[in-house]
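None of the figures in this text is laboratory data; all of them are computed from the coordinates on show. Bear in mind the structure is a predicted one, so any value in this text is a computation, not a measurement. All Cβ positions, even for glycine, are placed from backbone atoms using ideal geometry, and neighbour counts span all protein chains on display.
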Amino acid sequence: MKKGIKILLVADGWINLALGMIGPIYAIFVEEIGGDILDASWAYSTYMITAGVVMYMLSKWEDRAKHKEKFVIIGYALISLGCLMYFFVFNQLTLLITQAVLGLSIAILDPAFDAIYSHYVKVKEEASNWGIWEAMSYVVTGFAAIIGGYIANSFGFKTLFIIMFIISLFGTIHSLALYSGKKRLNAES
C-alpha cells in the first residue's frame, strides 16, 4: 500500500471517529437544546444542501488546483472547527450555522480527497484499495457510535464535543503529512 493512501486512511479514520460519535444521538442533542424532529431535519438538510451546492461549485476549481492536498487539510481543519462549534450550540440558529460549516468542510474535502486517493490507487488493486477505505470508514464509525453514546450518557454532550474536537485535530494534523511530504509521496507513485 502506498504511503499516500496510508496517510489518507489514518487522517480520515480520525475524522470518521470524531464525526461518528454524534451520529446516532444527534436527534437527542437537538432535543436537548430545545429543538424537535423538524429542527433536526432542518439541520441535517442544511448540512447536506450546503455540502452539495458548494461541492458542485468548487469541484471544477479544485480540478485546476495544483495542490489538492491543501483542500484536504482545509477540509479537515473546518471539520475540527465544526466539532468545536457544537460546544457553543445553544439554539436552532447556532446549530444551523454549525451544520453549514460542516457542510462547507465536506464540500472542500471530498472532491480533493477522492482525487488524491485515486491518484495513489494501483490500477490492478482499485477495488481492494477503495474497499480498505470503505471498510475503515464503516468500522471506525461503528465504534464511534458506541463511544460517543457512552461519553454523552456518562459525561454529557459538552464533554463529547470537546473530545470530538480533539480527535478531529489528530486527523487534521496527520493530514499535514500529505503536503509536507508531497515530493516524497509523488516519487513513490
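Would you mind checking the tilt of helix 37-64 against the longest principal axis of the Cα atoms of the chain, expressed as 0 to 90 degrees and rounded to 10?
Rounded to the nearest ten degrees, it is 20.
Assuming a strict under-27 Å limit between Cα atoms, what lysine pair count do you get for region 44-189 once near-sequence pairs (fewer than 8 apart, same chain) are dropped?
For region 44-189, qualifying lysine pairs total 20.
With just the Cα atoms defining each centre, how far is region 125-173 from region 9-59? Give it in Å.
Here the answer is 13 Å between Cα centres.
Mean separation of Cα pairs under 8 Å and 6+ residues apart, divided by the residue count of region 63-153: what relative contact order is that in percent? Intermediate results must be reported in sequence, preceding the final value.
On the way: 49 pairs, mean separation 28.4, N = 91.
Relative contact order, region 63-153: 31 percent.
Give me the angle, in degrees from 0 to 90, between the Cα long axis of helix 68-87 and the longest principal axis of the Cα atoms of the chain, rounded to the nearest 10.
That helix lies at roughly 10 degrees to the long axis.
Would you kindly work out the equivalent ellipsoid of region 1-111 from its C-alpha gyration tensor and give its semi-axes, the square roots of five times the eigenvalues, largest first in whole Å?
Details: eigenvalues 151, 54, 21 Å².
Semi-axes (√(5λ), whole Å): 28, 16, 10.
Angle check, please: helix 3-20 long axis (alpha carbons) against the longest principal axis of the chain (alpha carbons), in degrees 0 to 90, nearest 10.
On a 0 to 90 degree scale, this one is about 10.
Give me the percent relative contact order of region 3-184, please, defined on Cα pairs under 8 angstrom at least 6 residues apart. The partial results should precede the final answer.
Numbers: 246 pairs, mean separation 78.9, N = 182.
Rounded, it is 43 percent for region 3-184.
Per residue, what volume in Å³ does the convex hull of the Cα atoms of region 59-145 enclose?
On the way: hull volume 9.2 nm³, N = 87.
Taking only Cα atoms, region 59-145 has a hull volume of 106 Å³ per residue.
Rounding to the nearest 20 debye, state how big the charge dipole of region 3-184 is about its Cα centre with +1 on each Lys and Arg Cβ and -1 on each Asp and Glu Cβ. Intermediate results must be reported in sequence, preceding the final value.
Details: 13 positive and 13 negative charges, 210 e Å.
Charge dipole of region 3-184: 1000 debye, to the nearest 20.
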